[in-house]
Structures are given as C-alpha cells and as structure tokens.
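Everything below concerns the one structure shown next.
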Amino acid sequence: MVSLHQLHEENRFLLLKCISGSRAYGLHTPQSDTDYKGIFVSPKRVYYGLNPQEQINNETNDIVYYEWKKIVDLLGKNNPTVLELLATPEESVLYKHPLLHQLQVSDFLSKLCCQTFAGYAQSQVKKARGLKKKISNPMEPVRKEIPDFCYVIDGMYSIPLAQWLSDFRMSAADCGLVKIPHMRDAFALFHTSQLENGSLKGIYSGPDANDVSLSTIPIGIRPLALMSFNKDAYSIHCREYAQYWEWIGKRNETRYQSTVSHGKNYDAKNMMHTFRLLHMAEEIAREGVLHVKRQDRDFLMRIREGQFEYEDLLQQAEEKVQLIEELFEKSTLPDEPDLKKLEELLIDVRDAYYRN
C-alpha cells in the first residue's frame, strides 16, 4: 500500500504535487494555511489487488492525493476540484511528471461545467443562508419539550398548555390525553381527580419523548379541555436544535470569529469562494479556459472582508447564475468531455508509468 509519507515527503509514485486552495487562487492572507493536492499512480500490485487506493489524505484533509483513475473519472464529470488541480498555475506546482506535460485541461472542458461550477456555487449560497440563520437565531442550551408546543382551546382562542395548567394548579404528570377521532393532533384532556380509581399516563413521558402519551379513560367522563399538539413544529425544532448544537461543537472558532467580526453575520469566506466559482464558470463559458489564479482578487477579498451586504450578494449571485446558464446555452463547448479520449489518456499514462 502507498503511504502518505511516501507521496508527500519522498515524492514516490507521483504524477503531480501542488500547493492548492487560497494560495493557488491568489486569495490567501498571512494567516492562511498551506494546502496540498496531488495525483499518484498506484504500484501494480496495489492497483490490481483487492484493496485499490483511490485517495490518500491526512486527518485534516489539507493534504490530499488522488489515484490516477479517480482523477480521470472525475475529469469526465468536469469536477471543479480536479479541473483546478490539473490547471494549477506553474508557481504553485511543486512536481509535475513529464507524462502530464501534454495534458491540456481546455481539451476536456464542456457544458457540464455549468452545473459543476455554477451548481456548486448555488449550493454554497444555500449553505451560507443556513449559516446566517444559525448566527442570527441562536438556540437556547436547553431544548424545548412537548408541552411547549401544546395549546388548550378556549372558545375562539388558544392558551399555552403551561399557562392553562398553572391557572388550574395542575401538573402535566397528573393529566391524561385521549385522541379525538378524525382530527389531526387533537386530544381530549382529563385529570386524575376525575377518576375514582387508577391514574393517568401524563401528557408526555419525559424530555426525550417523540409524541404525547395516551391514557385510557372510563366511558362517561367529560374532558376538562380540548388540546392540540403541533407535532410538526416540535419535530422541526428538535431537528434544528440538534443541527445547531452539532454546528457549535464542530465549527472552526477562528473562522467563526472572522465571520461575526465584520458585523454582517454571514460566512464571508464561503461567499468569496461562491463568487470565485461563478466567475470561473463565466470564463469557461466565454473563453473555454479555466483560470485558477484569480484576476478578480480585489473584488473577492472585499467580499471576504465583509464589505458587502448579504442580500446584495445573494441578488448578484442569482443574476450571475442566470447569465452563466445563458452563456453555456450559446457556448460552442461540447455537451460533455470526450470519454473515449479520456479512456485513452487513462490507459496510456498508466502504461507509460509502469514501463518506466
């Protein structure tokens, strides 16, 4: 098996080794990390064996090497990561095998880039919206429980269950519910004081409950009240609560502080890369060329510094996507890369590497 040390420190089995990310784009700051990406060819016994390696990386994924077959597979799909790697500017290329010197990325660009670049940028906009929602609407440390989504009907109005129980000096544990037929999430509410014998199951079983509890009530007892439970809202709250606190636990604190420091409450770095992808897609549609090193650095860095309003950026992004779709429709690029040519490239490079 090929190890990360052999690739990154010894330069064995390599076709390509590059500095990637912000430094390759020309968008780095003095605080930016240095990321590395590359391409390797598996030794014959590994490639033909039972456990072929597609990718080798470190724990933080700032060093990643892809096996040659995976590179060609993704190239056939116009994957942005692979296209950018193969088009890395010379000053960021640390090693390039002679077998790759004749490979021209422009030979494999196609209309698929409309989806892979602009489509990915749209997904980043969606991600930015979600992050802004988390930042602007922080959640309390304690998750809400079922009674917080229950209301008692009072004539033409509704009263929060907690208020109703307080008014009548009752506890949720001493109450019981019976589902009302043909009515969604509607229940008749009873209290143990109405029973001659036995007890009720309470309105819910506890903080981890997914639904209200139902009790058995003797025939003839009239309910004290009618109650509704907004189960959909409760489910959404539980999901968003879990997502929010998972995000809190995993977020990059340095990047988060950078996000909130400019006061706009959106991930400025995320939005910068969104517009980088959109601009690259437009250049591909217009010129048939992939420019990794950005000439629009000033504009992109202004986004990163939070100099734009969030809604303005979203509007610009939506307009840019529409323009890109129109440009690709008129483009002379092929609908997809030449898969036969890619297959020949895959085989020829591997054969030549093994021979030498």
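The values are calculated or read from the model by the stated rules, or taken from the named source; none is laboratory data. Please read all numbers here as calculations on a predicted model, not as lab measurements. Positions of Cβ are backbone-derived with ideal geometry, glycine not excepted, and every protein chain shown enters the neighbour counts.
When residues of the stretch 65-119 are filtered for being in a helix (DSSP H, G or I) and touching a Gly at 6+ places or on another chain (Cβ under 7 Å), how many remain? Result for the stretch 65-119: 1.
For Ser213, the conditions (1) within 30 Å of Glu140 (Cα to Cα); (2) free of Cβ contacts under 8 Å to residues at least 24 places away in the same chain; (3) outside any helix (DSSP H, G or I); (4) not hydrophobic (A, V, I, L, M, F, W, C) all hold with the exception of (2).
Within the stretch 64-78, the set of residues being touching a helix residue (DSSP H, G or I) at 6+ places or on another chain (Cβ under 8 Å), surrounded by fewer than 19 Cβ atoms within 10 Å (Cβ to Cβ) and closer than 13 Å to Ile39 by Cβ comprises Lys69, Leu74. Looking only at residues of the stretch 322-344 that are touching a Leu at 6+ places or on another chain (Cβ under 7 Å) and part of a helix (DSSP H, G or I), we find that the one that is surrounded by the most Cβ atoms within 10 Å (Cβ to Cβ) is Ile324.
Here's the yes/no breakdown for (1) under 24 Å from Ala87 (Cα atoms); (2) in the same structural domain as Val72 (by TED's automatic domain parsing):
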| residue | (1), (2) |
| --- | --- |
| Gly288 | yes, no |
| Gln316 | no, no |
| Val321 | yes, no |
| Asn356 | no, yes |
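If you go through the stretch 174-210 and keep only what is charged (D, E, K, R), within 19 Å of Leu161 (Cα to Cα) and in a loop (DSSP other than H, G, I, E, B), you end up with Arg184, Asp185, Lys201, Asp208. Applying the condition of being in contact with a Ser or Thr (Cβ under 7 Å, 6 or more places away or on another chain) and exposed (fewer than 15 other Cβ atoms within 10 Å of the Cβ) to the stretch 23-63 and asking which residue is farthest from Met280 (Cα to Cα) yields Pro52.
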